[in-house]
1. Which is the longest part of the chain that has none of the chymotrypsin sites (Phe, Trp or Tyr not before Pro) sitting in a DSSP loop with at most 13 other Cβ atoms within 10 Å?
2. In a Gaussian network model over the chain where Cα atoms closer than 10 Å are linked, find which of R73, R81, R61 has the largest mean-square fluctuation.
3. For segment 71-121, report the translational diffusion coefficient in µm²/s to the nearest whole number, using Stokes-Einstein at 4 °C, 1.567 mPa s, and a Kirkwood Rh over Cα pairs.
4. Tell me what the chain gives for mean residue ellipticity at 222 nm when only DSSP H runs of n ≥ 4 count, each as -39,500 (n - 2.57), the sum divided by the residue total, rounded to 500 deg cm²/dmol.
5. Once you have all Cα-Cα distances for segment 1-82, histogram them in 5 Å bins from zero and send the whole-percent values.
Amino acid sequence: MITAVHALVHAEDADAARTFFRDVLGFPAVDAGGGWLIFGTGPSELAAHPAGPPAPGAPARHEVTLMCDDVERTVAELTTRGARFTRPVRDDGWGLTISMEVPGAGEMTLYEPRHPVAYDG
């Protein structure tokens, strides 16, 4: 039986990304050994989106996005903790979105959904 989803973020600087997840986003963590942190991220959803054919030899693309109940309030709070955002909040129809820098790991989308969610929360 499937019991959870384990999302992976590949980072050129894994320690910086872990520090960001722990100190800026406030995710609780367990130490899996040797300082290897695994974070609790709360409820999750999984969606399959259509994609065009990949470039020859390119792997399939997967994303991790973070959801919130009030994107403006969340951006303001995270900014006080040191988060940096790469564009303003945008209405994409299905949600209000913003791109957030993850140190050592590129960008991640944060959004306030405008669609039904598949979790209790």
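1. Values: sites that count: W36, W94, Y119.
Longest site-free region, per DSSP loop and neighbour criteria: 37-93.
2. R61
3. Numbers: Rh = 11.8 Å.
D = 110 µm²/s.
4. Working: 2 runs with 16 residues, N = 121.
Using -39500 (n - 2.57) per qualifying helix, the result is -3500 deg cm²/dmol.
5. 3, 10, 17, 20, 19, 15, 10, 5, 0
Any read-out appearing in this document is the output of simple, stated calculations on the displayed coordinates, not a laboratory observation. Every value quoted in this text rests on a predicted model; they were computed, and no experiment measured them. All Cβ positions, glycine included, derive from the backbone under ideal geometry; neighbour counts span all protein chains shown.
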